[in-house]
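Let me begin by presenting the structure, written as structure tokens, before commenting on it.
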Amino acid sequence: MRLKHLPVYIFILSIFLLSACIEENTQGMHSPSLFFSKQAGFVYKDTTVKAGTKLKVGIYSSYNGYDLLSNFEIIRKSADNDKELLENIVVDNKYYDVEKTIEKTDYAFDTYYFMITDFGGRTNTDSLCLSLPAGEDSTSTE
């Protein structure tokens with residue numbers, strides 16, 4: 001009588017093993033790429049500038065070969081630890097290249113986070129820190 005159910009058990013076991021293999025293959029997926037433009041006229045590394053200075057940032061991002069890009073976000077964190085979502089853009093594409101202008105506030109430093117997310121939930125983030133020159137007043141109470 002017990003052999004009568006053997007095909008059902010084999011079927012369930014094979015489904016379990018197949019699903020485990022599929023899961024294993026997707027675990028090695030890489031996050032989408034995100035790079036700053038290093039062309040003349042663009043900022044691509046931490047820098048010191050006066051308050052009110054506007055800088056151009058070029059961002060290049062691409063998918064990991066598996067999941068399309070879903071969202072691009074820019075978040076600014078100031079010296080007082082306030083975080084502000086400046087942009088949240090729906091991408092839905094393999095590539096997202098954009099030029100953005102960021103502005104130095106009068107806080108001692110501002111960190112701009114640039115984040116790209118794909119439909120698999122993987123993210124890549126890079127940041128730029130803008131700081132005031134030594135001796136320039138700031139509203140920070142560090």
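The values are calculated or read from the model by the stated rules, or taken from the named source; none is laboratory data. What you see is a predicted model; the values in this text were computed from it and never measured. Ideal geometry is used to build each Cβ from the backbone, glycine not excepted, and the neighbour counts take in all protein chains shown. The area values use the complete protein model at the heavy-atom level, side chains included, leaving out ligands, DNA and RNA. Shrake-Rupley method; radii C 1.70, N 1.55, O 1.52, S 1.80 Å.
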**Asked** Ignoring ligands, DNA and RNA, how do THR125, THR47 rank by accessible area with a 1.4 Å probe, largest first?
**Response** THR125, THR47
**Members of LYS83/LYS104; LYS38/LYS77; LYS54/LYS77 lying beyond 18 Å, as alpha-carbon distances in this model show** = LYS38/LYS77
**Complete:** With all protein chains present and a 1.4 Å probe, the order of ASP126, ASP82, ASP118 from largest accessible area down is ASP82, ASP126, ASP118
**Request:** May I ask you to derive the FRET efficiency for THR125 and LYS50 from their Cβ-Cβ distance with R0 = 25 Å, giving the value to the nearest 0.05?
**Result:** 0.40
